[in-house]
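What follows is a short report on a single structure.
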Amino acid sequence: MTEETPSKRLPIRWLTLAEIVAVAALVITGLSFWDSHRERVREDRERSAAASERQAEARAAALKQTFVMTGQREDDGARVRLTSVNEGQVIQTQTVWFPAELRSDSVETTGSPRLEAAWIENGLRKHAGKARTGRVPVGVLTVFIEDGVTKTDRAVYQLGYTIHPRTLRADKVELEGLSLARRGVSGDLQAAAGSLWSAR
């Protein structure tokens, strides 16, 4: 019979104090790095949120300072009632120019901002051509009040219209609505409206 040789146990090696200190320092360094990383991520998120908030405030301030009108069709298209898209802006007076081909003189309104079909219906009947629907450029100089300060705006809008043929009577012109074409127009607003009309 062969005698079994007992298996040798590997000797247990105890860590020295220096090695324990080194491992502990490594763990502490890792935890510190992780903690500082989380702190940086949190600060980055806070900075990003603050920047987004500032941008939103800047956009809101820019929108508030911008004057843009919208038009509401009234009385079966006999007129379009004009209002500012910003509630804090109150329209005082307006001077309106159409292309000279449609109307040579300007129209002024005070306290009742509007565009009326009667102002241009004869011109449209003569010069609209075969088109039964279209848009007329309108130059508008608006005096309005915002935050107690009187301001002015110069812009060109597109005024939608429809021409309805009638038997034994002149064609009926109905206004449809308003859209912004150009803001901050300098110079002659009637000429600006006329050039858009010619290029239609």
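Based on Cα contacts under 8 Å between residues 6+ apart, the range 15-119 shows a relative contact order of 18 percent. Note on Glu176 and His164: the extension gain reaches 3.1 nm, defined as 0.36 nm multiplied by sequence separation minus the Cα-Cα distance. 3J(HN,Hα) couplings calculated from phi for the range 47-55 with the Karplus curve 6.51 cos²θ - 1.76 cosθ + 1.60 (θ = phi - 60°) are, in sequence order, 5, 5, 5, 5, 5, 5, 5, 5, 5 Hz; Gly and Pro show x. Please give me the summed charge of the neighbours of Arg73: other residues whose Cβ is under 13 Å from its Cβ, Lys and Arg +1, Asp and Glu -1. Value of the local net charge: -3. Local charge for His127 was computed over the other residues whose Cβ lies under 12 Å away, with Lys and Arg +1 and Asp and Glu -1, and equals +3.
If the chain linking Lys130 and Thr110 were pulled fully straight, counting 0.36 nm for each residue of separation and taking away their Cα-Cα distance, it would gain 3.7 nm.
Between the C-alpha center of the range 101-119 and that of the range 156-200 there is a gap of 11 Å. The relative contact order of the chain comes to 18 percent, based on Cα pairs under 8 Å that sit 6 or more residues apart. A Cβ-based charge dipole, computed about the Cα centre of the chain with Lys and Arg at +1 and Asp and Glu at -1, lands at about 720 debye. For the chain, the Kirkwood estimate of the hydrodynamic radius, built from every pair of different alpha carbons, is 22.5 Å. Build a GNM of the chain with springs between Cα atoms under 10 Å apart, and of Asp188, Asp35, Asp75 the one that fluctuates most is Asp35.
Between Glu174, Glu19, Glu121, the GNM of the chain built on Cα springs shorter than 10 angstrom shows Glu19 fluctuating the most.
We did not get these values from a lab; they are worked out from the coordinates using the rules stated. Since this is a predicted model, take the numbers as computed values, not measurements. Note: ideal-geometry Cβ built from the backbone for every residue, glycine included; neighbour counts use all protein chains shown.
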